[in-house]
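Reading through the structure tokens given below for one structure.
The values are calculated or read from the model by the stated rules, or taken from the named source; none is laboratory data. This structure is a prediction, so every number in the text was calculated from the model and none was measured. Counting neighbours? That spans all protein chains shown, and the Cβs are built from the backbone with ideal geometry, glycine included.
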Amino acid sequence: MTRYQSQLDKFATLCQTQGKTWQSISPEFASRMHLQNRFKTGLDIAKYTAKVMREDMSAYDLDSSQYTQSLGCWHGFTAQQMMMAIKRHQKTTKRSYVYLSGWMVAALRSEFGPLPDQSMHEKTAVPSLIEEIYTFLKQADARELDHLYRELDEANAKGLDSSAIVEKIDNFETHIVPIIADIDAGFGNEEATYLLAKKMIEAGACAIQIENQVSDAKQCGHQAGKVTVPHEDFLSKINAVRYAFLELGVENGIIVARTDSLGASLTQKIPVSKAPGDLASQYNAFLDTTPVNSADDLQDGEMAIKLDGELRKPVRLDNGLYQFRAGTEKDRVVLDCVTSLQSGADLLWIETEKPNVQQIAELVNRVKEQVPNAKLVYNNSPSFNWTLKFREQVYAQWQEEGRDLSQYPDPSQDAKALMDPQLDNSELAAAADILVQNFQRDGAREAGIFHHLITLPTYHTAALSTDILAEGYFGDLGMLAYVRDVQRQEIRREQASVKHQDLAGSNIGDTHKEYFSGENALKAGGEANTMNQF
């Protein structure tokens with residue numbers, strides 16, 4: 001970051017060259033405004049954050065404890081509050097990212113209203129949200145620096161040593177962090193993917209996640225009905241994203257290749273094999289087929305393909321989709337991952353049906369046999385019942401160890417029995433919670449997980465906090481529900497949001513008015529401002 005004094009000197013020289021025409025321009029004010037807006041364009045952000053993310057990937061390769069994390073955000077304000085909280089409590093934003101979830105864009109940002117995760121929302125909503133998030137993160141920078149400038153002015157006015165404040169300004173850590181942005185299955189063909197990727201990168205995205213489902217049949221990763229595409233189709237979209245990065249000068253942009261094959265049993269298309277053992281033939285080998293001994297085995301409209309020297313008929317459903325053989329899921333995942341990494345992707349995303357370190361490690365270790373530095377982005381999904389799944393893991397482990405489980409319900413008899421609230425303070429529940437607490441550390445160490453994210457956390461926190469407030473406020477607590485459970489908590493936690501005028505930019509606006517109008521500025525602040533009560 002440019003140092004405060006050097007930037008001031010630069011503007012002082014510039015103003016001098018303009019003579020009297022710029023006599024009302026203060027070099028110090030100009031330098032402050034320039035430093036408050038360090039990133040002038042989305043491409044500036046994409047280039048900066050790509051470098052940050054590449055450095056983090058290298059650090060993880062040396063030490064798996066240096067994994068990264070993010071939370072999914074559906075609004076710029078939630079991303080801003082997340083990063084401000086991280087910086088306030090952790091004193092740094094290092095290894096903290098933002099995840100942009102297509103699921104939440106569909107559910108919360110579409111002009112059609114709430115939609116399922118099926119790529120039906122406006123594709124332009126995705127780059128718009130990226131731009132919005134970075135606008136709010138840049139405003140967090142401007143607000144914090146404005147406070148430092150006020151401290152600097154107060155110290156100088158009192159004749160105090162201000163060198164420590166200038167040092168804070170010079171060493172200011174930005175709230176701008178990498179965004180991993182979800183482009184779903186590309187929203188169309190490879191040209192459509194390229195055009196949307198460009199918009200996302202121009203908005204600031206340094207990392208784009210793309211999945212191997214059919215674009216117009218896309219489903220949420222944790223629902224049924226997923227249909228995958230042949231590798232050649234998916235790789236063309238990976239190429240499209242890479243070309244978009246290169247065209248815009250973000251040469252170290254990151255592509256996250258997601259495979260849904262673990263939960264997908266269908267394909268829409270049988271690729272044409274051009275040589276024995278090529279990707280098309282490997283893909284087709286997973287198809288569910290029946291032998292064809294003669295033309296009589298085929299009905300009108302049916303097709304046959306030759307697999308391993310034998311004529312076979314692919315199982316085709318009434319909707320025209322083809323079915324994979326049961327039991328091929330893991331092999332398909334591994335082939336997807338290896339193929340993607342060997343064809344330009346930087347990171348993997350394996351969508352699983354439950355959070356289990358051993359299951360993930362089994363898959364990633366098989367990939368690493370062919371691509372040793374393979375790294376994973378993992379969805380710590382709210383679609384999982386984390387409490388139930390980890391209690392089941394502990395129950396199974398204790399059962400294998402021969403421990404007495406008579407005080408606990410048998411999950412094989414009742415699938416959700418371990419969710420009984422009466423078990424919350426039990427030894428089994430405590431052991432499960434420890435596994436949950438250590439899941440990200442264990443996954444980073446044992447399963448190659450470089451980045452842990454929660455896709456939809458702010459969707460759930462908004463719903464939960466609003467439910468709690470509404471219950472109390474419209475119930476017996478009345479105003480105490482807000483005062484005790486919201487405002488007082490903000491004060492105790494020293495959250496910036498308690499001074500909502502300042503957080504929304506009131507003080508920055510007053511500062512600018514002073515710059516522009518001097519003593520004639522009509523400011524919102526002052527003794528009468530109720531913000532001074534906090």
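When the range 406-419 is examined, which residues are found to be under 13 Å from Glu392 (Cα atoms) and in a loop (DSSP other than H, G, I, E, B)?
The answer is Tyr408, Pro409, Asp410, Pro411, Ser412, Gln413, Asp414, Ala415, Lys416.
Going residue by residue through the range 28-35, is there one that turns out to be within 28 Å of Ala244 (Cα to Cα), of a type outside the set (Phe, Trp, Tyr) and under 29 Å from the mean Cα position of the chain (by Cα)?
no
Residue check: is Tyr395 in contact with a Phe, Trp or Tyr (Cβ under 7 Å, 6 or more places away or on another chain), aromatic (Phe, Trp, Tyr), in a helix (DSSP H, G or I) and farther than 26 Å from Asp336 by Cα?
Considered against the rule, which asks whether it is in contact with a Phe, Trp or Tyr (Cβ under 7 Å, 6 or more places away or on another chain), aromatic (Phe, Trp, Tyr), in a helix (DSSP H, G or I) and farther than 26 Å from Asp336 by Cα, Tyr395 comes out as yes.
Name the pairs: first residue in the range 517-532 and modelled with pLDDT of 70 or more, second residue assigned to a helix (DSSP H, G or I), Cβ to Cβ under 7 Å, at least 6 apart or on different chains?
Close Cβ pairs satisfying both conditions: Ala521/Lys513; Ala521/Glu514; Leu522/Lys513; Lys523/Asp510; Lys523/Lys513; Met531/Gln501; Met531/Asp502.
If we keep just the residues of the range 427-454 that are out of contact with any helix residue (DSSP H, G or I) (no Cβ under 6 Å at 6 or more places or on another chain) and of a type in the set (Val, Ile, Thr), which is farthest from Val486 (Cα to Cα)?
Ranking the candidates gives Ile434 first.
How many residues are loosely packed, with under 15 Cβ neighbours inside 10 Å and either under 22 Å from Asn189 (Cβ atoms) or in contact with a helix residue (DSSP H, G or I) (Cβ under 7 Å, 6 or more places away or on another chain) (or both) when one looks only at the range 253-277?
Qualifying residue count for the region: 2.
Could you tell me whether the range 246-264 includes any residue that is closer than 24 Å to Gln213 by Cα, among the hydrophobic types (A, V, I, L, M, F, W, C) and free of Cβ contacts under 8 Å to residues at least 12 places away in the same chain?
no
Given the criterion more than 30 Å from Glu351 (Cα to Cα), at pLDDT 95 or above and charged (D, E, K, R), identify the matching residue among Glu490, Glu446, Glu427.
The conditions single out Glu427.
Return yes when Asp63 is surrounded by fewer than 19 Cβ atoms within 10 Å (Cβ to Cβ), out of contact with any Gly (no Cβ under 9 Å at 6 or more places or on another chain) and of a type outside the set (Phe, Trp, Tyr) and no when it is not.
Yes; evaluated as a whole, the condition is true for this residue.
Test of understanding: among Ala181, Ala157, which residue is out of contact with any Cys (no Cβ under 8 Å at 6 or more places or on another chain), crowded, with 20+ Cβ neighbours inside 10 Å and small (Gly, Ala, Ser)?
Only one candidate qualifies: Ala181.
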